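Structure first, commentary second.
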Amino acid sequence: MNKTSSNTMALAPNPSNKRETVCIFGTGDFGRALGHKMIQSGYPVVYGSRSTQISNLIPKDAEVLGHAEAAQKAAVIIVAIQRQHYNFLAPLAEVLHGKVLVDISNNLKLNQYPESNAEHLAQLLPGSKVVKGFNTVSAWALQSGTLDASRQVFICGDDVEAKQMVMNIVRGLGLTPVDKGSLLAAQEIENYPLQLFPMWKFPIFLSLGLGLFFFFYSLALDVIHTYIYENNNFLFFIAITVPNRVFPVMALTLLGLVYLPGIFAAIIQLYRGTKYRRFPNWLDKWMLARKQLGLIALAFASLHAVFTLVTPLRAFASWRTSRQIISQALSNETVPLDHTNAWLSDSYLAMGMLGFFLFVLLGITSLPSVSNSVNWREFRFVQSKLGYLALILCTAHTMIYGGKWFLNPSAYKWYLPDIYMLSLVVPCAVLVVKFVLIFPCVDKPLTRIRQGWERKPRYSEQSNYIINKSAV
């Protein structure tokens, strides 16, 4: 028998295999939902409860017994109760000796107790094999078919065999087990469901701060300045005009901030001459937040596109257009077509549409379902090469839009630059430095460093010979 056929037989399911019985302590929402899912997956389920009367909410194919009798029927017991009710397990220590106890509890706040609930359970029942799991899956997800966002089940425990038994059950339910190591990881796993967008805090606070700054900056120049010096009340600009000036500025600035940490990382590696030293903590956090910054930037770009489309529907736009028509009619003059402005207008719109298309493409490829279907080179091509192309197009879109005002003194109200000029600071800095980094005299040593070469080879602490990383 060849290797291929033997592997095929090993992977083929054995129809004679019977699922082991699983005991569940607790008949709450999650205990019932998990039991129902297990029964659907072919697991015999027995509930351990204080009351052996069968409730209508409990799956009809499940058996309900007292805690001791139910525990004797299964090797794996899922403890679906809260920590404050663990005391009733102490009298069952003899029955639970050698059993696998799966703690699925969560707390009301982060680090609520000195030790995790799973560690507390292990201290309460030292003869049992405690495994932490299922606490990151909700009862709703189990009842609705375990959606993609809820398929991962974090598992940790000190006993390898017990942990493997639980992971097999997780796979049998159509979920994906993730081994997080020993029971010391239980505290982290229990904190995970309590975290509110942990990777989004920095991007959201940064976007909120920049958004408020640009909003009040535009408000001062477009509304307050006009009211003071021209006596025109354009307070209604707050609804459409001011936001539609802030949105593109935010989108372009945040897109520049997505690629700026990569520039800093390249400069630091060139300066150090090695890749074997950690980046500063602030740069590490910044690089980890690039995906979130990019998605927020895409949201602002989408809002800009929508607000721009509705601009002709505004009463102010209709009033301004009719005023220009009446002015030409009264003066009996026809303004000829300015081909230069026509070229600039069409180029500005074309750059914006192409940049927005690439922007959307970047957002789509960042989705897990899409990124998992492409290899690393393809993903890097889209996120890096096409990402920089999107940054170039969006920067060109902004420069063509406001280039004619750059040297116009009337554009500097209160001696302050227009808001579009502020949006060009970060992306132009990124593109200029990136242009320098792609020069062969800079790119070649940077590539060698990222492949393991070091300018100053390190010496081993145990011996006197040089560790030549470039030879590895």
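Which of the residues that make up the stretch 194-212 are part of a helix (DSSP H, G or I) and either surrounded by 13 or more Cβ atoms within 10 Å (Cβ to Cβ) or of a type in the set (D, E, K, R) (or both)?
Taking the stretch 194-212 as the starting set, the residues that turn out to be part of a helix (DSSP H, G or I) are 194, 201-212.
Within the stretch 194-212, L194, K201, F202, P203, I204, L206, S207, L210, G211 qualify.
Hey, S218 hits all of (1) outside any helix (DSSP H, G or I); (2) crowded, with 18+ Cβ neighbours inside 10 Å but one; which does it fall short on?
(1)
Show the residue pairs that are 6+ apart or on different chains and have beta-carbon atoms under 7 Å apart, the first residue being within the stretch 449-462 and under 16 Å from I268 (Cβ atoms) and modelled with pLDDT under 90, the second being of a type in the set (V, I, T) and surrounded by 12 or more Cβ atoms within 10 Å (Cβ to Cβ).
E454/T274; R455/T274
Hey, among the residues in the stretch 405-417 that are outside any helix (DSSP H, G or I) and within 20 Å of S345 (Cβ to Cβ), which one's nearest to the chain's Cα centre (by Cα)?
So the first thing to find is which residues in the stretch 405-417 are outside any helix (DSSP H, G or I), and the list is 406-408, 412-417.
If we keep only those that are within 20 Å of S345 (Cβ to Cβ) too, we end up with 406-408.
Numbers: F406: 38, L407: 41, N408: 43 Å.
Top of the filtered list is F406.
Might you check whether a residue that is in contact with a strand residue (DSSP E or B) (Cβ under 7 Å, 6 or more places away or on another chain) and either in contact (Cβ under 8 Å) with a residue 40 or more places away in the chain or surrounded by 13 or more Cβ atoms within 10 Å (Cβ to Cβ) (or both) occurs anywhere in the stretch 227-239?
Of all residues in the stretch 227-239, those in contact with a strand residue (DSSP E or B) (Cβ under 7 Å, 6 or more places away or on another chain) come to none.
Within the stretch 227-239, not a single residue is in contact with a strand residue (DSSP E or B) (Cβ under 7 Å, 6 or more places away or on another chain) and either in contact (Cβ under 8 Å) with a residue 40 or more places away in the chain or surrounded by 13 or more Cβ atoms within 10 Å (Cβ to Cβ) (or both).
If you check F279 against the conditions, is it under 30 Å from G211 (Cβ atoms), crowded, with 18+ Cβ neighbours inside 10 Å and out of contact with any His (no Cβ under 7 Å at 6 or more places or on another chain)?
Details: under 30 Å from G211 (Cβ atoms): yes; crowded, with 18+ Cβ neighbours inside 10 Å: no; out of contact with any His (no Cβ under 7 Å at 6 or more places or on another chain): yes.
Against the criterion (under 30 Å from G211 (Cβ atoms), crowded, with 18+ Cβ neighbours inside 10 Å and out of contact with any His (no Cβ under 7 Å at 6 or more places or on another chain)), F279 does not qualify.
Filter the stretch 221-256 down to the residues that are within 21 Å of A305 (Cβ to Cβ) and part of a loop (DSSP other than H, G, I, E, B) and list them by number.
A239, I240
Enumerate the pairs (first residue in the stretch 289-302 and closer than 13 Å to G262 by Cβ; second residue anywhere and assigned to a helix (DSSP H, G or I)) with beta-carbon separation below 6 Å, excluding pairs fewer than 6 apart on the same chain, so at least 6 apart or on different chains.
As it stands, the answer is A289/F202; A289/P203; R290/V258; L293/P203; L293/L254; L293/L257; L293/V258; G294/V258, since those pairs meet every condition given.
What helices (runs of 4 or more DSSP H) completely inside the stretch 354-404 contain at least 2 residues that are touching a Cys at 6+ places or on another chain (Cβ under 9 Å)? Give the steps one after another, and end with the answer.
Values: elements: 368-371, 376-380, 387-402.
Correct list: 387-402.
Taking the conditions exactly as written (in a helix (DSSP H, G or I), modelled with pLDDT under 90 and buried (at least 19 other Cβ atoms within 10 Å of the Cβ)), does Y420 satisfy them or not? Write out each step before concluding.
Working: in a helix (DSSP H, G or I): yes; modelled with pLDDT under 90: yes; buried (at least 19 other Cβ atoms within 10 Å of the Cβ): yes.
When the stated conditions are applied, Y420 passes them.
Being of a type in the set (K, R), surrounded by 14 or more Cβ atoms within 10 Å (Cβ to Cβ) and over 22 Å from the mean Cα position of the chain (by Cα) is the requirement here; does R245 meet it?
yes
What's the number of the condition N231 fails, among (1) at negative phi; (2) modelled with pLDDT under 90?
(1)
The values are calculated or read from the model by the stated rules, or taken from the named source; none is laboratory data. Here the structure is a predicted model, which means the values were calculated and not measured. All Cβ positions, even for glycine, are placed from backbone atoms using ideal geometry, and neighbour counts span all protein chains on display.
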